[in-house]
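The structure appears below as structure tokens.
The values are calculated or read from the model by the stated rules, or taken from the named source; none is laboratory data. Quick caveat, the model's predicted, so the values are computed rather than measured. Here the Cβ positions follow ideal geometry from the backbone for every residue, glycine too, while neighbour counts run over all protein chains shown. Calculation scope for accessible area: heavy atoms of the full protein, side chains included, ligands and nucleic acids excluded. Shrake-Rupley method; radii C 1.70, N 1.55, O 1.52, S 1.80 Å.
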Amino acid sequence: MLLEFSQALLLVTTALVTLATIAYLGAVFAARMSRNSVVATAESAGTVVVSTGVGDQTVTVTGGIRHTPVRRFTITWWATKSTQLALVLLTVSMIARMITTGHAPFSNHYEFAIAFAWGMILAQVYFEARYRVRMMSIIVLPIILAMLVYASTLSYEPSPLMPALQNSPLLTLHVITASIGYGAAVVSFAAAVMYLLAPHISWKGWPRQEILDDLGYKATVVTFPMLTMMLILGSIWGNVAWGRYWGWDPKETAALVTWLIYGAYLHARVTRNWRGSKSAWLLVLGFAAVVFTYLGNLFFGGLHAYA
Amino acid sequence: MSDDTLTTPEPTPGAIDGLDDQAALTPGMVFGHIYAFLHNKVVGLVLILAAGLLSLFGVLFPQMPSSARADAESMASWIESVRPTFGGWTDILNAIGFFTMFSSIPFLVVMALLAASIVACTVHRLPVLWQAAKHPHTRVTAAFFDRARLRSTFTTSASPEAAFEILCADARKHRMRVVVDDRGPGLNAYMDRNYWAPFGTAFAHAAFVTIMAGFVVSALSGFRNEQFTLTIGFPREVGNGTNLVAEATAFQDSYYDNGSPKDYVADLRVSDNGEQVAQQQVRVNSPLSYHGVMFHQAYFGVAAVMKIDDSSGAEVFHNGVALEWATPDKTLTYGRTTLGDQTIYVIGSASGQTGTGIEPGQVRVEIYGTANNEPIGKAVLDVGTPTTVGDHTFTFEREQQFTGMIVKKDPGTPIVWSGFLLLVIGTCMTMFFRHHRMWVRVSGCDEGTLVRLGSPDRQDSGFTRFFTGMIMRTSGKMAHIEERTNNAS
């Protein structure tokens, strides 16, 4: 019964993400057609005027940020709320499944697809609330939607935990760090793609490259430590279960490659010549590695063949 | 590179040939060039990507299992098994090391260069970090405040001293270090936060080298036996320089309704010099540990308990032979043991297999010498019936469950763990505590007091928000002073 409830919540989540995707695309299209948005963007192009709090005295800050209050009941407001509700429902869905199966929902390919989607929605909600680059939703939400649709093609019947997976704390932590890290990687991917598209888009409502570069870095600041923890936890688990901290298993090696790419990206930012487009391409490459790592076990087997 | 090495000196008049005036190439210069190459950030980046690329090849290409590397024959057999896939490229890929990527020369060279690059980069960077952290550049030009990426200029009627104090107090309140520069013009201060954070890169770099050192120690020391089989009730020496004896006294396996394994657990006892020192139920995720020697539950199956007597009737073997391998067609399972220079294979029918010539309650023994691949004796044994084959009498006593363990001692593991700890510390320092800087100048002007703040740091929305907020707070406080002064007058 709970399993069907969990599955129903997943369907509602998919519907909400679909609505949010359409809403964001519609909002961007409407803003693109509007003259007002151009004026608003030009005003926020780097110099803000802030109140001193005394009378009407103001001070100018070049390069500063001033968040305007979020207008309620706009299309993007509804889209944001839909995404937030989708996160809540997907979380409840995962908890319901956990109660049914008796273990965290991270034990097979279906469950990890859901966990991956959950990580992406969490990242979308967090980064949208924190940094207000709402435009990234037009890239992030379709990817989330694709993952949810992919999950719906897989069998949702719970599979029993094989002995190696019966390590609840490590299983939970290992996979949850992967979910969050991969989820944030989608945001950095979206920021990188938008950064690379920016020179080809004449519309002034497109986020500034400087902001996209910072958003890509901020998302990687979540991805890289999470991938680090995932690799370390996996290593500790491997040492407990199989007596070795590293086995060059295809999926763990692919995860290492992903980690190296994000490490290269962070390294590249230190090198002056590798900022901007080159580092954005590294983020695109990093996300390709994430997808490869996630899907790789379908082709390569190994110790991670179950997920 | 100095000019000395780049310019070609004019030949000395009267010299016999042009080789008298060669530029010097001292060992120090060679070392300097190597060092400069290694600490170059682009070289480091290329090496990281090369390591990633080679690792990717290791994922994409099938890797030769360690069992196939045991001898040349096994290796050749494995190579033949992949030849249909790679055709004429098989030998080339094998020569390059694509089938043994993680122990291949290209991979090891890249990893060694990467380690050297990391060490050089860290050594090169530490003095710079130390200088920036302990002796920051506190003085900037007036033009800096016109060009800084993040900047603000405003006037106030508060006195320069009061305005400067408000700025410094606000910075200190928000955990910023404030370094006052008395050199003028006006009142100047350098402010920063998390000045120790850049040292995180040194931790992260040290972590990488430590982890690689752990890998090397693991490869060169300790031992690992992945096929340590224990037939239930029969003790076995661990060997590898230890005096340990392990015995599984019980084993239980359970299954889910769909037939997949649910749990398998061995009751393991370990003795050291004849005295029991450890006992534990060993599961996949619950290994037994004794003085650094780990016993991991890995697999299980059926063993044939065999008793072997020599021609004089003396017992030379009485133990289980784990039937741990299967023939390619999966119809037979077999195990082996050695007796002097002879290898004894014990073969049984796989579960559910009939028509193999080995009925339930039977095993076949085959005896091989060192000379050739043909058995020097073989026979099918009925349970409990002594049968003489060659110089020995074999008795198949019964079937008994065996547990397969991984037994290992790895001194490299604690080194790797310490590397992981350094990695976590370094990553957290670098990622979550960015070094933020700003310069402040307060001076008198016609309108009263001119306040200028600037930060050249690259876009960081968190710090930008803080900077903007600081301007709002401090300018507000200065305006309050101005308001109170006006009210008082």
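Checking the structure you have, find out if any residue of region B:88-108 is open to solvent by 40 Å² or more (accessible area, probe 1.4 Å), within 14 Å of another protein chain (Cβ to nearest Cβ), closer than 23 Å to B:VAL216 by Cβ and in a helix (DSSP H, G or I).
yes
Give the number of residues within region B:315-330 that are over 19 Å from B:THR403 (Cα atoms) and buried (at least 16 other Cβ atoms within 10 Å of the Cβ).
1
Take A:THR18 and tell me if it is of a type outside the set (D, E, K, R) and at pLDDT below 85.
no
Where in region B:378-489 are there strands (runs of 3 or more DSSP E), lying fully within it, with 3 or more residues that are away from every other protein chain (no Cβ under 13 Å)?
Output list reads B:387-389, B:392-409, B:436-445.
Going through region A:159-174 one residue at a time, which ones are open to solvent by less than 40 Å² (accessible area, probe 1.4 Å) and at pLDDT 90 or above?
Passing the criteria: only A:HIS174.
Exactly one of (1) in a helix (DSSP H, G or I); (2) open to solvent by 50 Å² or more (accessible area, probe 1.4 Å) is unmet by B:THR155. Its number?
Condition not satisfied by B:THR155: (1).
Check whether at least one residue in region B:183-191 is buried (at least 16 other Cβ atoms within 10 Å of the Cβ), of a type in the set (A, V, I, L, M), over 41 Å from the mean Cα position of the chain (by Cα) and away from chain A (no Cβ under 14 Å), and report yes or no.
Yes, there is a match, as at least one residue in region B:183-191 is buried (at least 16 other Cβ atoms within 10 Å of the Cβ), of a type in the set (A, V, I, L, M), over 41 Å from the mean Cα position of the chain (by Cα) and away from chain A (no Cβ under 14 Å).
Here are the criteria: (1) of a type in the set (Val, Ile, Thr); (2) within 14 Å of chain A (Cβ to nearest Cβ); (3) out of contact with any Gly (no Cβ under 8 Å at 6 or more places or on another chain). Tell me which single one B:THR156 does not satisfy.
(3)
Please go through region B:431-449 and pick out each residue that is surrounded by fewer than 15 Cβ atoms within 10 Å (Cβ to Cβ) and touching a residue at least 24 places away in the same chain (Cβ under 8 Å).
Selection gives B:GLY444, B:CYS445, B:GLU447.
For region B:152-174, does any single residue satisfy the condition of being under 17 Å from B:ALA197 (Cα atoms), touching a residue at least 24 places away in the same chain (Cβ under 8 Å) and assigned by TED's automatic domain parsing to the domain that holds B:ARG465?
yes
If you check B:PHE164 against the conditions, is it within 14 Å of chain A (Cβ to nearest Cβ), assigned to a helix (DSSP H, G or I) and modelled with pLDDT of 90 or more?
No: the conditions fail for B:PHE164.
So for region B:404-422 (the condition being basic (Lys, Arg) and closer than 30 Å to B:ALA158 by Cα), does at least one residue qualify?
Among the residues of region B:404-422, not one is basic (Lys, Arg) and closer than 30 Å to B:ALA158 by Cα, which makes the answer no.
Any residue in region A:144-166 that is under 18 Å from B:TYR255 (Cα atoms) sitting within a Cβ distance under 7 Å of a residue that is β-branched (Val, Ile, Thr) and open to solvent by less than 20 Å² (accessible area, probe 1.4 Å)? List the pairs, counting only those 6 or more apart or interchain.
Listed by first residue and then by second, the contacts come to A:PRO163/B:VAL284; A:ALA164/B:VAL284.
Can you tell which of A:VAL50, A:VAL39 is part of a helix (DSSP H, G or I) and modelled with pLDDT under 85?
Within the list A:VAL50, A:VAL39, the selection yields A:VAL39.
Which numbered condition trips up B:GLN22, out of (1) within 14 Å of another protein chain (Cβ to nearest Cβ); (2) not in a helix (DSSP H, G or I)?
So the condition that B:GLN22 fails would be (1).
Within region B:115-135, can you find the residues that are more than 15 Å from B:THR201 (Cα to Cα) and either among the hydrophobic types (A, V, I, L, M, F, W, C) or surrounded by 15 or more Cβ atoms within 10 Å (Cβ to Cβ) (or both)?
B:ALA116
Quick one: in region A:200-236, of everything that is surrounded by fewer than 21 Cβ atoms within 10 Å (Cβ to Cβ) and aromatic (Phe, Trp, Tyr), which residue is farthest from the other protein chains (Cβ to nearest Cβ)?
Looking at the filtered set, the residue picked out is A:TRP203.
Name the residue that is farthest from the other protein chains (Cβ to nearest Cβ), counting only residues in region B:278-315 that are in contact (Cβ under 8 Å) with a residue 24 or more places away in the chain and polar (S, T, N, Q).
Here the answer is B:SER311.
Kindly list, by first and then second residue, each pair from a residue in region B:59-70 that is in a helix (DSSP H, G or I) to a residue that is among the aromatic types (Phe, Trp, Tyr) and open to solvent by less than 50 Å² (accessible area, probe 1.4 Å), limited to pairs with Cβ atoms under 8 Å and residues at least 6 apart or on different chains.
Note: pairs meeting the criteria are B:ALA68/B:TRP78.
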